[in-house]
1. Which residues, counting only those in segment 239-263, are in contact with a Gly (Cβ under 9 Å, 6 or more places away or on another chain) and surrounded by fewer than 19 Cβ atoms within 10 Å (Cβ to Cβ)?
2. Can you find a residue in segment 49-56 that is of a type in the set (Gly, Ala, Ser), surrounded by fewer than 23 Cβ atoms within 10 Å (Cβ to Cβ), at pLDDT 80 or above and more than 17 Å from residue 93 (Cα to Cα)?
3. Quick one: how many residues across segment 238-276 are part of a strand (DSSP E or B) and closer than 26 Å to residue 187 by Cα?
4. Could you list, in sequence order, all residues of segment 120-138 that are over 14 Å from residue 80 (Cα atoms), surrounded by 13 or more Cβ atoms within 10 Å (Cβ to Cβ) and either among the aliphatic types (A, V, I, L, M) or touching a Pro at 6+ places or on another chain (Cβ under 7 Å) (or both)?
5. Out of segment 212-232, which residues are in a strand (DSSP E or B) and either in contact with an Asp or Glu (Cβ under 9 Å, 6 or more places away or on another chain) or of a type in the set (Gly, Ala, Ser) (or both)?
6. Going by what's in this entry, would residue 174 be described as among the charged types (D, E, K, R), in contact with a Pro (Cβ under 7 Å, 6 or more places away or on another chain), modelled with pLDDT of 95 or more and assigned to a strand (DSSP E or B)?
7. What number of residues within segment 122-149 are part of a loop (DSSP other than H, G, I, E, B), aliphatic (A, V, I, L, M) and in contact with an Asp or Glu (Cβ under 8 Å, 6 or more places away or on another chain)?
8. Find all pairs meeting these conditions: Cβ atoms under 8 angstrom apart; at least six residues apart or on different chains; first residue within segment 155-172 and on the phi > 0 side of the Ramachandran plot; second residue among the hydroxyl-bearing types (Ser, Thr, Tyr).
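The values are calculated or read from the model by the stated rules, or taken from the named source; none is laboratory data. Keep in mind that what you see is a predicted model, and the values were worked out from it rather than measured. FYI the Cβ positions are ideal-geometry reconstructions off the backbone, even for glycines, and counts take in every protein chain you see.
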Amino acid sequence: MKPLLMFLRALSGWLLCAGAALAQDIEPRAYSHAPEGVNFAVIGYARTEGGLAFDPALPVKNPNLETNSAVLAYARSLTLWGMSAKLGGVLPYTWLDGSAQLGNDTITRTVEGTGDLRLSVNLLGAPPMTLQEFARYRQDLIVGVSLKLSAPTGQYDSSRLVNIGSNRWAVEPELGVSKALGPWTLESAVAMIFYTDNDDFYGGQTRSQDDIYTAHGHIIRNFAGGHWLSLDANYFTGGRTTLDGERGNDLQQNWRTGITAAFSLDRLHSIKFNASSGVSARTGNNFDLIGIAWQYRWGGGL
């Protein structure tokens, strides 16, 4: 049952993604395989400190912001069109506090808010399986796709520049590859993020944003008992904004790196820790993040 245990630890990483923008997601093992019918519930916490974590294209300087996010999440493994898939939703509740410079003025903000729905499908290397079949499964090469949808559910005030919500939708299609090499797993994924316009931006303006192109990679070491450790990296570029027809000088070209560790507590419970930091940022996103998540799973014959 080791392949199953490895997957069960991994999914908490896929679910714990609060506290950062879509493009900055560097969670490993998004396309790991699972037996059909297994359910997952996650409770987590994430904290960020430093540069602007929500929208680096905003015209503010010297951001000194902190966020604390409580995360509730659910996912289920299923079969779609004859292929294995996972469908899940994340509901983070985030408290943001801090200040930044706008022109010659210092602005402060304390807000609360909630938002992602994600569907992933494994196209190659991970056929649908029962729990008994999965016990004999050994990963080789997995190729998968996913679609993430972020809704405008967070607290938003058009009279303020810094908000939890962005008053717009975001859609992220992604292509991912995972290759097992003995106790090691190498993963990579590329994605594009499309944004709708915010027609109620600061001062009643209309704000649009170019697509963001992002890539992330992971080197994962698996250990006996279902534990694993991952080194993570993420790069994203694009996202230049237009405000009432005027093009902004806010192209993003940013790097982040991180580490993720997951530990099996027993057959049904696991815990995961993660941390990441901005390495190079053309605009914003130079913040540090730490997180912890507990996961419980049931169903599918467990």
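1. Hits for segment 239-263 are 240, 242, 251, 253, 255, 257, 263.
2. No, the conditions are met nowhere in segment 49-56.
3. 22
4. 131, 134, 135, 137
5. 212, 214, 215, 216, 217, 218, 219, 220, 230, 232
6. No; evaluated as a whole, the condition is false for this residue.
7. 1
8. If the second residue must be among the hydroxyl-bearing types (Ser, Thr, Tyr), the pairs left are 167/156; 167/158.
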